[in-house]
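These notes are about the structure you will find just below.
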Amino acid sequence: MSNNHTPLNKVFAITNIKTYVPLILELKRLNYDVWRKLFSTYCIAFDVIDHIDNSTPKPTDEEQKKVDSIIKLWIYGSISQSLLQMVLKKDSTALQVWNNLETLFRDNKDAKSMQIDSELRNIVMGDLFVTTYCTKIKGLPDLLVNLDQTPQYPTNTL
């Protein structure tokens, strides 16, 4: 006895994406690659990766449209308010929102790389604690790597 009103997809049971993707995507934090990996891994685990994969067609049946809406809610629930305002569009699919986020982060890649590279080259300990200074020295090259850039100087001076 199957009830047509009972969703069979396990994605309907998830109410809080932040439990699984514990960081908020923000333009200024340059955490897109980490967020993307966490989010897509989560979608693979729940068998909904096709909703954010370019190779799949737009959902057509009612259950798939509902699943797509849930994936959009997951995305919206794991990004900053400013990003939400940039990507929130009427009648968009999860894939369209996903691609809009990718474009936002990838289009700024060169400018951000130059900014981070300059910051790393000009870093001064000043009145920073040693651990804060070392964390910053380690973190800036990591950000460059996330932007597909390789620091042009030794980073193992710690």
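For every residue, the table says whether it meets (1) among the hydroxyl-bearing types (Ser, Thr, Tyr); (2) surrounded by 12 or more Cβ atoms within 10 Å (Cβ to Cβ); (3) part of a loop (DSSP other than H, G, I, E, B).
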site: 12; (1), (2), (3): no, yes, no
site: 21; (1), (2), (3): no, yes, yes
site: 36; (1), (2), (3): no, yes, no
site: 55; (1), (2), (3): yes, no, yes
site: 63; (1), (2), (3): no, yes, no
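Are any of the residues in segment 82-90 exposed (fewer than 13 other Cβ atoms within 10 Å of the Cβ), within 18 Å of the chain's Cα centre (by Cα) and part of a helix (DSSP H, G or I)?
Yes: one or more hits.
Cβ-Cβ below 9 Å, separation at least six or inter-chain, first residue in segment 29-57 and farther than 17 Å from residue 77 by Cβ, second basic (Lys, Arg): which pairs?
Final answer for the pair search is 30/112; 47/10.
Can you say whether residue 114 is assigned by TED's automatic domain parsing to the domain that holds residue 141, aliphatic (A, V, I, L, M) and part of a loop (DSSP other than H, G, I, E, B), as far as the supplied structure shows?
Working: assigned by TED's automatic domain parsing to the domain that holds residue 141: yes; aliphatic (A, V, I, L, M): yes; part of a loop (DSSP other than H, G, I, E, B): no.
In short, no.
For segment 98-139, name all the residues that are under 21 Å from the mean Cα position of the chain (by Cα) and among the small types (Gly, Ala, Ser).
111, 113, 139
The values are calculated or read from the model by the stated rules, or taken from the named source; none is laboratory data. Because the structure is a prediction, the values reported are computed rather than measured. FYI the Cβ positions are ideal-geometry reconstructions off the backbone, even for glycines, and counts take in every protein chain you see.
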